[in-house]
Amino acid sequence: MSDKPHQNLAIIGHVDHGKSTLVGRLLFETGSVPEHVIEQHREEAEEKGKGGFEFAYVMDNLAEERERGVTIDIAHQEFDTDNYYFTIVDCPGHRDFVKNMITGASQADNAVLVVAADDGVAPQTREHVFLARTLGINELIIGVNKMDLVDYQESTYDEVVEEVKELLNQVRFATDDTTFVPISAFEGDNISEESENTSWYDGPTLLESLNDLPESEPPTDAPLRLPIQDVYTISGIGTVPVGRVETGILNTGDNVSFQPSDVGGEVKTVEMHHEEVPKAEPGDNVGFNVRGLGKDDIRRGDVCGPADDPPSVAETFKAQVVVMQHPSVITAGYTPVFHAHTAQVACTIESIDQKIDPASGEIAEENPDFIKSGDAAVVTVRPQKPLSIEPSGEIPELGSFAIRDMGQTIAAGKVLEVNER
């Protein structure tokens, strides 16, 4: 662990615009991946007739991914700049991985949007920017990638910058603070060192712009919220729930409550990386033991919080959703599965209250009959079984969700208000 402040960084953008190569390059340039590992990947890539993919291979180190040539899981990788240590939340671009992108982007403080110079703004570029906006990513750094394929022409770069600015303005991202960097992840231009190929560019390199990001305040002042990923029974200790602290602090001796299971007790021990620790803070993955708690009392999807300020359990909640893809239309009564933090619960959309213009955020229509792909709306949702979820205005870390149906992510959203049961 580094003593520098930590940032989660999402890498987003259209498939094949070079996200994995960029991530591999960042890890290589910051010394997080040794030269011989890259060499090994280079040989392997060439054997499979995919020469040049070695940086991407650094990230896609699952055999299946190599065969398919796509990024599947969110791989967590870390690297340092002078000011921060970063964890990269590598966000896959493929459609059926949007759920990862959502659970991933909701963990990210900032994002690098990769746009290929030879292709410009593509469908998923729009989708990812809109999602990033909906899910509360604050700062975007735009890497205009593959400059080597357009002979490092300033005019092409300028066109892409204008195109991206227009997109950002549509979803009301403040473009004044946005940094644009012409890069080649493949050749290494403007990643850690200024490139002679872009003598017309006098801005920061990609690593410099990452180094200049504003420091994010860890949500230690918020009440404790720790979604449970798994529950284990460990001999000699007992029941051990495991999860990641999203907000607040978990201390030994705290009285905690698990919702919606509605059980609780006193925290006896907290363990991180197989060592006992007195407390855990946001971002820490921990296992902990609670006095008197049995294995069947709690389950994945429960949220642990202070006994005197327990996590809210929704009878219904209001949410803003963005429909990314749906074969027909969505009407009141529709019951897909909502994925929120570690919970997966079928929820019914009771009413569609307002349709929102995704470009301006203004209300376009009150009580529409239906919504379809590309629409944004405010809806009222009723979980089919108890679900702990929080308004994103109060605890953003537990306020976003993905909606899945028919094996794909059809929408993403954030919670506006919770009507507690």
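Within the range 311-329, can you find the residues that are under 18 Å from the mean Cα position of the chain (by Cα) and open to solvent by less than 20 Å² (accessible area, probe 1.4 Å)?
Going residue by residue through the range 311-329, those that are under 18 Å from the mean Cα position of the chain (by Cα) are 320-324.
If the condition is that a residue be under 18 Å from the mean Cα position of the chain (by Cα) and open to solvent by less than 20 Å² (accessible area, probe 1.4 Å), then Val321, Val322, Val323 are the ones that fit.
Select from the range 275-297 the residues that are part of a loop (DSSP other than H, G, I, E, B), more than 14 Å from Tyr232 (Cα to Cα) and open to solvent by 90 Å² or more (accessible area, probe 1.4 Å) and write down the one among them that is modelled with the highest pLDDT.
Step one: list which residues in the range 275-297 are part of a loop (DSSP other than H, G, I, E, B), which gives 278, 281-284, 291-297.
From what is left, the residues that are more than 14 Å from Tyr232 (Cα to Cα) are 278, 281-284, 291-292.
Then keep just the ones that are open to solvent by 90 Å² or more (accessible area, probe 1.4 Å); that gives 278, 291.
Working: Pro278: 94, Arg291: 89.
Step by step, filter the range 275-297, then rank; the result is Pro278.
From the residues in the range 241-274 that are among the polar types (S, T, N, Q) and assigned to a loop (DSSP other than H, G, I, E, B), which one is nearest to Pro396 (Cα to Cα)? It would help to see each step written out before you state the result.
Initial filter on the range 241-274 (among the polar types (S, T, N, Q)): 247, 251-252, 255, 257, 259, 261, 269.
With the extra rule that they be assigned to a loop (DSSP other than H, G, I, E, B), the set shrinks to 252, 261.
Working: Thr252: 25, Ser261: 22 Å.
Only one residue fits best here, namely Ser261.
Being hydroxyl-bearing (Ser, Thr, Tyr) and either more than 12 Å from Val290 (Cα to Cα) or open to solvent by 20 Å² or more (accessible area, probe 1.4 Å) (or both) is the filter here, so list the residues in the range 234-274 that pass it. Quick ask: steps written out before the conclusion?
Taking the range 234-274 as the starting set, the residues that turn out to be hydroxyl-bearing (Ser, Thr, Tyr) are 235, 239, 247, 252, 257, 261, 269.
Residues satisfying the conditions are Ser235, Thr247, Thr252, Ser261, Thr269.
Among (1) closer than 25 Å to Pro386 by Cα; (2) at pLDDT below 90, where does Ile234 come up short?
Checking Ile234 against (1) closer than 25 Å to Pro386 by Cα; (2) at pLDDT below 90, the one that fails is (1).
Could you list all residues from the range 317-329 that are in contact (Cβ under 8 Å) with a residue 60 or more places away in the chain and over 15 Å from Gly399 (Cβ atoms)?
To start, the set of residues in the range 317-329 that are in contact (Cβ under 8 Å) with a residue 60 or more places away in the chain comprises 317-327.
Val323, Met324, Gln325, His326, Pro327, listed by residue number.
Would you confirm whether any residue within the range 259-272 is farther than 13 Å from Leu224 by Cβ and either modelled with pLDDT under 90 or in contact with a His (Cβ under 6 Å, 6 or more places away or on another chain) (or both)?
Scanning the range 259-272, I find at least one residue that is farther than 13 Å from Leu224 by Cβ and either modelled with pLDDT under 90 or in contact with a His (Cβ under 6 Å, 6 or more places away or on another chain) (or both), so the answer is yes.
Test of understanding: among Leu131, Leu207, which residue is in contact (Cβ under 8 Å) with a residue 12 or more places away in the chain, open to solvent by 20 Å² or more (accessible area, probe 1.4 Å) and among the aliphatic types (A, V, I, L, M)?
Details: Leu131 fails: open to solvent by 20 Å² or more (accessible area, probe 1.4 Å).
Of Leu131, Leu207, the one residue that is in contact (Cβ under 8 Å) with a residue 12 or more places away in the chain, open to solvent by 20 Å² or more (accessible area, probe 1.4 Å) and among the aliphatic types (A, V, I, L, M) is Leu207.
Touching a residue at least 60 places away in the same chain (Cβ under 8 Å), out of contact with any Phe, Trp or Tyr (no Cβ under 6 Å at 6 or more places or on another chain) and either on the phi > 0 side of the Ramachandran plot or open to solvent by less than 10 Å² (accessible area, probe 1.4 Å) (or both): is that true of Gly188 in this structure?
Values: touching a residue at least 60 places away in the same chain (Cβ under 8 Å): yes; out of contact with any Phe, Trp or Tyr (no Cβ under 6 Å at 6 or more places or on another chain): yes; either on the phi > 0 side of the Ramachandran plot or open to solvent by less than 10 Å² (accessible area, probe 1.4 Å) (or both): yes.
Against the criterion (touching a residue at least 60 places away in the same chain (Cβ under 8 Å), out of contact with any Phe, Trp or Tyr (no Cβ under 6 Å at 6 or more places or on another chain) and either on the phi > 0 side of the Ramachandran plot or open to solvent by less than 10 Å² (accessible area, probe 1.4 Å) (or both)), Gly188 qualifies.
Quickly run through the range 330-369 and pick out the residues that are within 15 Å of Gln408 (Cα to Cα), open to solvent by 60 Å² or more (accessible area, probe 1.4 Å) and either in a loop (DSSP other than H, G, I, E, B) or charged (D, E, K, R) (or both).
Selection gives Thr335 alone.
Residue check, Arg300 against (1) over 30 Å from Leu168 (Cα atoms); (2) open to solvent by less than 60 Å² (accessible area, probe 1.4 Å); (3) modelled with pLDDT of 90 or more; (4) under 23 Å from the mean Cα position of the chain (by Cα), all met but one. Which one?
The failed condition is (2).
Could you check the range 383-413 and list, in sequence order, the residues that are in a strand (DSSP E or B) and either surrounded by fewer than 19 Cβ atoms within 10 Å (Cβ to Cβ) or among the charged types (D, E, K, R) (or both)?
Arg404, Asp405, Gln408
Give all pairs with beta carbons closer than 6 Å in which a residue from the range 157-176 that is without any contact (Cβ under 8 Å) to a residue 12 or more places away in the chain meets a residue that is assigned to a helix (DSSP H, G or I) and open to solvent by less than 20 Å² (accessible area, probe 1.4 Å); count only pairs at least 6 apart in sequence or on separate chains.
Note: pairs meeting the criteria are Thr175/Leu168.
The values are calculated or read from the model by the stated rules, or taken from the named source; none is laboratory data. All values reported here derive from a predicted model rather than from experimental measurement. Here Cβ is always computed from backbone atoms with ideal geometry, including for glycine, and neighbour counts include all displayed protein chains. When the accessible area is computed, the model is the full protein with side chains, heavy atoms only, and any ligands, DNA or RNA have been set aside. Shrake-Rupley method; radii C 1.70, N 1.55, O 1.52, S 1.80 Å.
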